[in-house]
Structure formats: structure tokens, C-alpha cells
1. By how many degrees, 0 to 90 and rounded to 10, does the Cα axis of helix 61-86 deviate from the longest principal axis of the chain?
2. Would you mind checking which residues have amide H under 5 Å from L149's amide H? H placed 1.01 Å from N; only 5 or more apart, or other chain.
3. Helix 89-106 against the longest principal axis of the chain: what's the angle in degrees, Cα atoms only, rounded to the nearest 10?
4. Could you work out the relative contact order of the chain? I mean the mean sequence separation of Cα pairs under 8 Å and 6+ apart, divided by the number of residues, in percent.
5. Cα axis of helix 174-189 to longest principal axis of the chain: angle in degrees, 0 to 90, nearest 10?
6. When the helices in the chain are scored as -39500 (n - 2.57) per DSSP H run of 4 or longer and the sum is shared across all residues, what 222 nm value do you end up with, to the nearest 500 deg cm²/dmol?
7. Out of the total accessible area of the range 42-195 (probe 1.4 Å, heavy atoms of protein only), what percent is carbon and sulfur?
8. Provide the per residue accessible area, probe 1.4 Å, for the chain, rounded to a whole number of square angstrom.
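The values are calculated or read from the model by the stated rules, or taken from the named source; none is laboratory data. Not measured: the values here are computed from a predicted model. Cβ: placed from backbone, ideal geometry, glycine included. Neighbour counts: every protein chain shown. We work out accessible area using only protein heavy atoms, side chains counted, and drop any ligands, DNA or RNA first. Shrake-Rupley method; radii C 1.70, N 1.55, O 1.52, S 1.80 Å.
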Amino acid sequence: MSTEGSAGKPLRADARRNREAVLAKAREIFAAGSFYDLRFDDFARLAGVGTGTLYRHFPTREALAEAVYRNEVATLCGRARELQATLPAAEALATFLRGMVGYLAAHHGLARTLATLMTTGSDVLAEGSRALEQAVTDLVAAAVRDGHLRDDVPAGAVMMALHGIGAAHDRPDWRAEADGVITLVLDGLRRSRPS
């Protein structure tokens, strides 16, 4: 999470608190899917800061959405690295993928917000997607090296499954089905034992 202003200078403590307050409130609204339903100035009021503060840190709604998305991606990638450092490789991958389903369930409005952000032509979504794919690639590669997973399925296929899970978020039994898809993916990735 950046503690620098737009000119790259470190932010004063009060400016950093204000920026974090706006980001925290925007993150809640982003996850709920109502990010684009509010007037941009409403973010300042809801975060308890002045509109000048909002515009100083985030000159546009898209800049705020991109900052929230960057932070979310950084958190998820950090989680992947933490799991890889602390768990056996196959368990780290399984925990991360199941955690992604939990993340998508907790952030049910995320798909709607991201779909709207995609229409702005932002490069941030592509950057975030590449970062997440690299995190999954690293987890898969570690499990392949440890001999737990087959080596003929690219991490991109796992990402496709995650994208599909996210895209189906409005299905009535989404959570149970999403957990089932992760189980299928993990079973499909597992190296078969010689008979």
C-alpha cells in the first residue's frame, strides 16, 4: 500500500490517514458493488474528509477505483507469497484457491465494479490480472517441483477456472458450486499415482 502522494513524496501522517480513510470506505463500497452508484463527492463525506482532500489524492473516480483494485491485488499476491513460504506447496495452492472463493464471496459486488472499470480502458486491470496469474503460476510451479501436481497443466488454466467462478457469481448455489469447482481443479491437477 503506497504512502506516497502523486508527486512521489512521502505523505504527512494526517494526509496518509485521510488517504487511507478514503481508500477504506471506497473498498467497502467497491466490494458491495455500489461504487459507481454514488456521486464521486459522496466518497469524501462517507470517509469523513473534505472534498478537496478526496480530489487531492484521487482526482477522478477511476483513479480511486484503480487504487482500491491495486491494493486488493497486492493483498492477494501477498497472501499467495505468505502461503508459499509457510505451507507445503500443494497445500499452499489449495488454501489460496479456496481463499479466492472466500474472497469472491465476501466481495460479492466486485464483479460488477470490475466490469464497469473495464469499460474505462484502464491498464490497471490487466496489470492486476498479470500479477494474480504470476502468483498462481508460482504456487503451481512449486507444487509441480515437489512432485504433487502434474506438469502438463499451465497456471493459465487455473486462472480460467477462477475467472469462470467469478463470472458465475449470481447463481443461486454459487458458493457450494464454486467450492466444488475448486475441488475438481485440484483433483485434476494432482499427479496420478502409478498403479
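1. It is inclined by approximately 40 degrees.
2. For L149, whose amide H was placed from the backbone, the distant partners under 5 Å are V144, R191.
3. The answer is roughly 40 degrees.
4. 22
5. Computed tilt is about 50 degrees.
6. Details: 9 runs with 138 residues, N = 195.
About -23500 deg cm²/dmol.
7. Numbers: 4480 of 8170 Å².
Solvent-exposed carbon and sulfur of the range 42-195 make up 55 percent of the total.
8. Values: 10580 Å² over 195 residues.
Heavy-atom accessible area per residue stands at 54 Å².
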